[in-house]
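A short worksheet on the structure shown next.
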Amino acid sequence: MPAHKENDSGIPTYWGQSGRMVQVLVTIVAVTDFLLFGYDQGVMSGIISAPSFVRAFPEVEGDSTYEGFVVSIYAVGCFLGACFIFIFGDKLGRRRSIFLGASVMIIGVIIQIATIPVGGGATAQFIIGRCITGVGNGINTSTIPTYQAECCKAKNRGKVICIEGSMVAIGTLIAYWIDYGCLYGPDDFTWRFPIAFQCVFAIIVIVMMISLPESPRWLLTHHREDDAATVLAGLNGVPRNDPEVVIQMQVIRDAVSASGGGGKVPTKALLTNGKSQHFRRAILGASSQMMQQLSGCNAVIYYFPILCQDVLGTDHNLALLLGGVNMIVYAIFATTSWFLIERIGRRKLYLIGTVGQMLSMVLVFACLIPGTEAAAKGAAVGLFTYIAFFGATWLPLPWLYPAEINPLKTRQKANAFSTINNWLWNFFIVMITPVLITNIRWGTYLLFGALNASFIPIIYFFYPETAGRSLEEIDLIFAKGYTEKMSYVHAAKQLPKMNEAQIAEAVRQYDLSDSDVENRSERGSFKEKRQQDEELMPQVGAQA
């Protein structure tokens, strides 16, 4: 925990701020990190086919498999970073994980730009550096959505995490245009500077995290109640003994107790169901990340310039320029989610985006069918409409949904599991896309259109709405569905919005403190649990 300061009113401050401004600072860190995420995703798209890069790393020339490998090895690193957080994230905590992730990314960037072409050893060094950069990004993308969700209020959680998610588009936009601008520089500058520029974002993240707090929910799961009360007071802009802090401490402690008392979370906890529905909720979060990748987004983001060159016959300069325009569309539509996410809700945005993406892919493949040369330019229109729908819906939603759908006990592991799925399928799609385009051409887009169509019933029947709900209310949706033997989608519709006192009462009503067999065996009887709570209560009151 960073050493906090208190203002004249006795309110804890971080970077001299309290209340809403602390949440804004947390959002700035998340935004910067996801800018870095998007930048790193987009930076290779303009480099991989650049003449200077091909001369420096000739192995990629004319070899679609090797080209796919150089780009997708980044996703392998991200997968490894997500696995690291899955195993060690709960022990490290949110702050230290973010520090570690940004530091590892800088190390990976240094290895890449220190490469001395030409030769197999140079290409191997570049690939290793790109993989290490991916490890750092995997650590941060597994941690930051959870950190932000646990530090934000329910009423604006969706909006701020959507702002974070949409930064992927803006980061990709920045990468495309930096790539384009560097085309006019010396050969080495063309690829070294765009890669080195990533360090700017990573350094900002490291510096800002020095004086930002740890997640109050993580602190409570590790029985650091005094620190948690301080952070909650700072986030709410009130003194530590304020009734609002006392109530929030009680609600979160109830959630901690219901999930097994905190501390180290065994991986097998993800496989339990009962009232907590750990397994179902982990699958819901992970499936959203898997579907994001299978929708074909990175076939468009990574390879748009190559598609323009191979399919539309443009030169590299024009292809990169069209890619930059496509990313402007991407970034503009990504910002619309800020205003729609709480008004329309998660389910409707998922469905709208899926239908739009499906129809866009239908347009692309129809225009590329042999014998329709005159319509080939319509394929570019389909790619533009695809990226618009994706940016407004499927870009931010899979980062928001796992962070809020999972319960406190398994949130870090389940969010890491969902991110693992993101990077596994990211690697798969990025690896096979150039091969698919070479071999089946228009059939590639028919495949993505069919995959998008298959997502519609999954979302409609299995994804409950979470808009405007506190993280503890979402626990109650699953308890209600399990207890009353109803669809969890219907349970979300029927459960009324609650304040914190009503949530505490509902937790007692659904007996969430003893929600599954595995939790019961871990911490003893219900009576013993209530006795533990009563012993803790005076401590919370005294500390808060």
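Annotations
- For the residues LYS159, LYS153, the requirement of being charged (D, E, K, R), open to solvent by 20 Å² or more (accessible area, probe 1.4 Å), touching a residue at least 40 places away in the same chain (Cβ under 8 Å) and in contact with a Phe, Trp or Tyr (Cβ under 7 Å, 6 or more places away or on another chain) singles out LYS159.
- Scanning the stretch 165-181 turns up no residue that is open to solvent by 20 Å² or more (accessible area, probe 1.4 Å), touching a Leu at 6+ places or on another chain (Cβ under 9 Å) and closer than 29 Å to ASP90 by Cα.
- Only listed residue being of a type in the set (Gly, Ala, Ser), surrounded by fewer than 19 Cβ atoms within 10 Å (Cβ to Cβ) and at pLDDT 90 or above, chosen from ALA388, ALA375, ALA450: ALA450
- Residues in the stretch 123-165 that are within 26 Å of THR221 (Cβ to Cβ), over 15 Å from the mean Cα position of the chain (by Cα) and part of a helix (DSSP H, G or I): CYS151, ALA154, LYS155, ASN156.
- Reported count of residues in the stretch 339-350, each being surrounded by fewer than 17 Cβ atoms within 10 Å (Cβ to Cβ) and in contact with a helix residue (DSSP H, G or I) (Cβ under 6 Å, 6 or more places away or on another chain), is 0.
- Test: residue in the stretch 283-295 that is in a helix (DSSP H, G or I) and open to solvent by 60 Å² or more (accessible area, probe 1.4 Å): yes
- Selected residue (only one of VAL22, VAL70, VAL26, VAL43 is touching a strand residue (DSSP E or B) at 6+ places or on another chain (Cβ under 7 Å) and open to solvent by less than 10 Å² (accessible area, probe 1.4 Å)): VAL22
- Selection of first residues in the stretch 58-76 that are outside any helix (DSSP H, G or I) and of second residues that are β-branched (Val, Ile, Thr) and open to solvent by less than 30 Å² (accessible area, probe 1.4 Å), restricted to Cβ pairs under 7 Å at least 6 apart or on distinct chains, gives the following pairs, ordered by first then second residue: GLU61/VAL54.
- Note on the stretch 458-499: among residues that are part of a loop (DSSP other than H, G, I, E, B), closer than 24 Å to TRP338 by Cα and among the hydrophobic types (A, V, I, L, M, F, W, C), the one that is most open to solvent (accessible area, probe 1.4 Å) is MET498.
- Within the stretch 106-122, tally of residues that are surrounded by 18 or more Cβ atoms within 10 Å (Cβ to Cβ) and on the phi > 0 side of the Ramachandran plot: 0
- So GLY62, is it open to solvent by 60 Å² or more (accessible area, probe 1.4 Å), assigned by the TED database to the domain that holds LEU400 and small (Gly, Ala, Ser): yes
- Of all the numbered requirements in (1) modelled with pLDDT under 85; (2) farther than 24 Å from ILE387 by Cα; (3) open to solvent by 40 Å² or more (accessible area, probe 1.4 Å), TYR184 misses one, and that requirement is (1).
Rundown of residues vs (1) in contact with a Leu (Cβ under 8 Å, 6 or more places away or on another chain); (2) free of Cβ contacts under 8 Å to residues at least 12 places away in the same chain, yes/no style:
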site	(1), (2)
ILE204	no, no
VAL207	no, yes
HIS222	no, no
GLU225	yes, no
PRO243	no, yes
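- Test for PHE79: is it open to solvent by 30 Å² or more (accessible area, probe 1.4 Å) and either among the small types (Gly, Ala, Ser) or assigned to a helix (DSSP H, G or I) (or both): yes
- Set VAL76, VAL118: member being hydrophobic (A, V, I, L, M, F, W, C) and over 23 Å from ARG55 (Cβ atoms): VAL76
- Candidates ALA228, ALA255: the one that is modelled with pLDDT under 90, aliphatic (A, V, I, L, M) and part of a helix (DSSP H, G or I) is ALA255.
- Filter pass, GLY68 being under 16 Å from ILE128 (Cα atoms), in the same structural domain as TYR147 (by the TED database) and touching a Pro at 6+ places or on another chain (Cβ under 6 Å): yes
- Number of residues in the stretch 187-221 that are acidic (Asp, Glu) and within 29 Å of PHE53 (Cβ to Cβ) equals 2.
- Considering the conditions (1) outside any loop (DSSP other than H, G, I, E, B); (2) open to solvent by 20 Å² or more (accessible area, probe 1.4 Å), SER211 is excluded by exactly one of them, (1).
- Residue in the stretch 82-95 that is modelled with the highest pLDDT, counting only those that are buried (at least 18 other Cβ atoms within 10 Å of the Cβ) and either outside any helix (DSSP H, G or I) or among the aromatic types (Phe, Trp, Tyr) (or both): PHE84
The values are calculated or read from the model by the stated rules, or taken from the named source; none is laboratory data. Please read these numbers as outputs of a predicted model, since none were measured by experiment. Ideal geometry is used to build each Cβ from the backbone, glycine not excepted, and the neighbour counts take in all protein chains shown. Just the protein is used for accessible areas: all its heavy atoms, side chains included, with ligands, DNA and RNA removed. Shrake-Rupley method; radii C 1.70, N 1.55, O 1.52, S 1.80 Å.
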